[in-house]
Amino acid sequence: MITRWAVKRTDDRLGFSRTARSGLNKVFPDHWSFMIGEIALYSFLYLVLSGVFLSLFFDASTARTVYEGSYDAVRGSEVSAAFASTLELSYDVRMGLVVRQSHHWAALLFVGAILVHLCRIFFTGAFRRPRGINWAVGVTLLLLAIVNGFAGYSLPDDLLSGTGLRVANAVLLSIPVVGGWLSFLVFGGEFPAEAMIPRLYVVHILIVPALIAALITAHMVILIRQKHTHFPGPGRTDTNVVGSRLWPSYAVRSVGLLFFVVAAALTLGGLVQINPIWYWGPFEPGSATAPAQPDWYVGWLDGALRLMPPWEPVAFGYRLSSVFLPAVVLPGLTFLVLYLWPVLERLVTGDRRAHQVLQRPRERPGRVAVGVAALTFYGLLLTAFSLDIVSQYTGIAVFALVYFFRVTVLVLPLLTGAIAFVLARALRDSDAEGLLALTGSDLRRSLRRHREVPGEPSDAEDTERRPATETEHAATGPVGRDEEESEPVRVEAGPVP
């Protein structure tokens, strides 16, 4: 009774009920692929919570101290405070090792979910107008997630992370004119500087997480304003959203996914060892870890460095280090193309209309070819970052593998892109349900000629096709629920700039 009275009085003054009712009636598409972005969101939430726990015990300092913890092999040794506190957290803090390892696994899951989510958006054309801003937000989130992951796994000041920071310092120094200043700014002096770990700590727990939280908020606000996209189907047009209401059906699935993400991170943290710094030992400037592999999300950069020939061209009077092209130019071009892709595709296709309905990948064979070629290229670079491990298990000399990958990384993406183009065009022209349904004649027709693709419908044609009967909308709803829940909801699309 008291609670009801308090809620009513609060709502009388703030007027939350109307907003809450509108929010609970928001419609979300039912397709499973729309949940990938939520995996990234819930991974970030777990990263924040576990990171708060870890920050209570971690000492972000390079000050020398004598380790007196439970790990016998290092006890009595003089190490940095960062390394000693990480060991104590792993061995002497109750559940410390599980939280630390699950935090690391959640970071890998966070970056992976963002990447898969971006691939889904790319191949289905969800970046088209009016969602170009949200595409840029997503690309920025990927970049920040990579930066924060690298900063985080560099904090323990062990030999592996120190080797990675040494590589990062070499990358910064390879930049002409401003490289030395950038290195001084990041590391606080000549590498390795005493301010190195404290600065990385501030970046990792404060600056980048705040930016990520702000961008996630912006991403959600833009999504709510512009409404969800949805896959083609009966009753689905550019003016409605067909799916389940937020409450209760979608909320139940979303909360279940939250529990699954947290459970997966904790299970991996408790059962699968990751970054055992006690094996590497503390970082010493005169030592290096071999073989040393970073986390997978920066592994492609390490692979590019390993495959780059020892070329040092001269440009504008400056000799460019062999590190500059694979570690500065390549990632720069990668993210530049990602940011500009909606503009580039609009220039090629001439499509400037607003879209709510997604495309099947087969509808744009050229986009599929570019995407598959890019994934092949970066996948090969990711494989190349562990050539020494491959050599160890296969018995093939490392230099032979390097020469093989130098050729393969240039040739194989072209081949896979061409194959993907032919298959996508064959699927489009034959209307087959899947790859296994394609026939030899379908592939031959795809290789011989290019069928004209119907152009985008005009606004007048689109208006004629938009009306849909209530029967069509009802047929698209989920089966086996109450009538109110299963009835697909048609809401107007957000304003188009």
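If you take the Cα centroid of the stretch 369-422 and the Cα centroid of the stretch 275-343, the two points sit 17 Å apart. For the stretch 34-103, the alpha carbon positions stretch 52, 21, 16 Å along the principal axes, listed from largest to smallest. Put a dot 7 Å past the Cα of Tyr339, heading toward its Cβ, do the same for Thr439, and the two dots end up 5.0 nm apart. Surface exposure of the stretch 127-184, expressed per residue as accessible area with a 1.4 Å probe, stands at 34 Å². Label separation (Lys8 vs Asp72): 7.1 nm, computed from points 7 Å beyond Cα along the C-beta direction. Residue by residue, the stretch 231-238 carries 3J(HN,Hα) couplings of 6, x, x, x, x, 9, 10, 7 Hz when phi is fed to the Karplus relation 6.51 cos²θ - 1.76 cosθ + 1.60 (θ = phi - 60°); x denotes Gly or Pro.
Can you list which of the DSSP-assigned H helices in the chain have a Cα extent of 20 Å or more along the long axis and an average Kyte-Doolittle score of at least -0.5?
For the chain, where a helix must reach 20 Å along its axis and average at least -0.5, the hits are 36-55, 96-124, 132-153, 159-173, 208-226, 251-271, 330-349, 365-384, 398-430.
Of the peptides 98-105, 174-181, 150-157, 113-120, the order by per-residue mean of other Cβ atoms within 10 Å, starting with the highest, comes out as 150-157, 98-105, 113-120, 174-181.
From the largest down, the chain spans 77, 76, 44 angstrom on the principal axes of its Cα atoms.
When the alpha-carbon atoms of the stretch 20-159 are used, the pair Rg, Dmax equals 20.0, 62 angstrom. Equivalent-ellipsoid semi-axes for the stretch 184-335 (Cα gyration tensor, √(5λ), whole Å, largest first): 42, 25, 18. Summarising the label geometry, the points placed 7 Å from Cα in the beta-carbon direction at Ile389 and Thr267 lie 2.2 nm from one another. Keeping all protein chains in position, work out how much accessible area Tyr46 exposes to a 1.4 Å probe, and write it in Å² to the nearest 10. Surface open to solvent at Tyr46 totals about 30 Å². Judged by the mean number of other Cβ atoms found within 10 Å, the most tightly packed of the peptides 424-430, 298-304 leads the ranking 298-304, 424-430.
The values are calculated or read from the model by the stated rules, or taken from the named source; none is laboratory data. What you see is a predicted model; the values in this text were computed from it and never measured. As a convention, Cβ positions derive from the backbone with ideal geometry for all residues, glycine included, and neighbour counts pool all protein chains shown. Heavy atoms of the whole protein, side chains included, go into the accessibility calculation; ligands, DNA and RNA do not. Shrake-Rupley method; radii C 1.70, N 1.55, O 1.52, S 1.80 Å.
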